[in-house]
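First the structure, in the form of structure tokens, and then the observations on it.
FYI, it's all coordinate maths here, none of it is from the lab. Here the structure is a predicted model, which means the values were calculated and not measured. Glycine also receives a Cβ, built like all others from the backbone with ideal geometry; neighbour counts cover every protein chain displayed.
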Amino acid sequence: MREWELAVEGPIGLGEAPFWDDERQCLWFVDITEGVLYRFDPGTGEVAGRQVGSPLSAAIPAADGALILVRGTGVYRYDWDHATTTLIAAIDPPDATIQLNDAACDPRGRLWAGTIDANFGRGRSSLLRFSAAVPDTVLSSRGLANGIAWSPDGATMYFADSQQHTIEAFDYNVESGSVSQPRVWLTLSEPQGFPDGLAVDARGDVWVALYAGAAVHHYSDEGALVEVLQFPVDRVTNMCFGGADLVDLYVTTSSQRLTPAEQRCQPLAGATFVVPRAGTGQPSRRWNPATMRRAAARSRLGEPPIHDCP
């Protein structure tokens with residue numbers, strides 16, 4: 001069994017969205033409920049946190065050096081050095097309980113994000129593609145949208161629905177950003193936990209964080225269980241590969257809504273862990289501002305919209 005190490009002690013209320021910044025050689029992650037953006041330098045051990053507004057579900061570096069914050073019902077450009085924020089896109093939810101959740105960029109740098117119902121109502125999640133200031137709804141009537149990831153060649157997109165205990169797979173067109181051929185790639189049993197964050201390594205294997213499952217599961221690209229990484233906390237939320245060679249697995253967790261007794265039993269709940277040399281990850285996928293400009297130009301020219309599966 002691989003051994004974990006403590007990277008950031010915490011405790012974090014709802015740690016999420018780890019992203020390895022290969023240019024800065026640091027790890028970004030967030031506390032969703034407190035709206036804090038964290039930067040961790042594993043070389044020095046330094047952790048810096050900054051309140052940027054809640055709920056803060058993800059922070060993704062951009063190709064031009066800025067950060068993209070996925071927060072509440074909007075997507076923002078954020079300058080860490082000057083602490084300035086600019087809205088670049090927003091959703092128009094049917095009511096105030098709908099907010100953005102997990103987010104990721106495809107191989108072209110297009111931003112995708114799921115929505116969730118803060119009251120966990122069934123069938124109220126969607127999956128959105130941000131190719132313009134008003135995003136496209138690609139999938140709707142999902143249970144609870146969570147992890148999003150792509151195969152190394154970009155031909156397959158994976159999407160975790162925590163409420164349904166499933167991971168869906170789609171054929172993905174990298175050029176157009178469209179999906180087709182939806183299928184259930186993996187179904188997890190309730191005792192295993194809820195599939196939350198996803199990562200796909202350089203071989204195409206899929207790694208799944210299991211909320212309420214105290215583990216990360218590692219699957220082959222065909223869905224066979226390869227290994228189970230156990231952690232001393234119940235609520236494992238997400239993970240990414242990082243480090244100079246992308247071989248270390250960083251894992252975020254949550255201490256949110258634990259009872260006093262559960263907190264005593266899980267003193268490391270809310271910490272960020274690292275499993276050294278767990279595998280080899282893919283290079284970081286940053287947000288590319290041109291993916292939104294091209295969409296805006298296509299709309300002005302009156303070209304037909306991209307068609308996706310229902």
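Compactness of the range 107-177, taken as the C-alpha radius of gyration over 2.2 N^0.38 Å, stands at 1.10.
Could you work out the relative contact order of the range 163-287? I mean the mean sequence separation of Cα pairs under 8 Å and 6+ apart, divided by the number of residues, in percent. Dividing the mean separation by the residue count of the range 163-287 yields 17 percent. Here the contact order of the range 68-169, divided by its residue count and restricted to Cα pairs under 8 Å and six or more residues apart, works out to 18 percent. Sorting 128, 225 from the fewest to the most surrounding beta carbons within 10 angstrom yields 225, 128.
Averaging 1/r across all pairs of distinct Cα atoms in the range 113-237 and inverting the result yields a Kirkwood radius of 14.8 Å. Going by neighbour counts of Cβ atoms within 10 Å, the residues 190, 16 line up, fewest first, as 190, 16. Across the range 5-300, the mean sequence separation of Cα contacts (distance under 8 Å, 6 or more residues apart), normalised by length, yields a relative contact order of 18 percent. In this rough spin-label picture, where each label sits 7 Å from Cα along the Cβ direction, the residue 226-residue 290 distance is 3.2 nm. Modelled label positions at residue 79 and residue 50, each set 7 Å beyond Cα in the direction of Cβ, lie 1.1 nm from each other. Counting only alpha carbon atoms, the long axis of helix 290-300 and the longest principal axis of the chain meet at about 30°. Multiplying the residue separation of residue 277 and residue 41 by 0.36 nm and subtracting their alpha-carbon distance yields 83.2 nm.
Note on the range 18-77: along the principal axes its Cα atoms extend 34, 25, 14 Å, ordered by decreasing extent.
Percent of C-alpha pairs per 20 Å bin in the chain, short distances first: 36, 60, 4, 0. Length gained on full extension, residue 265 to residue 3, computed as 0.36 nm times the residue gap minus the Cα-Cα distance: 92.4 nm.
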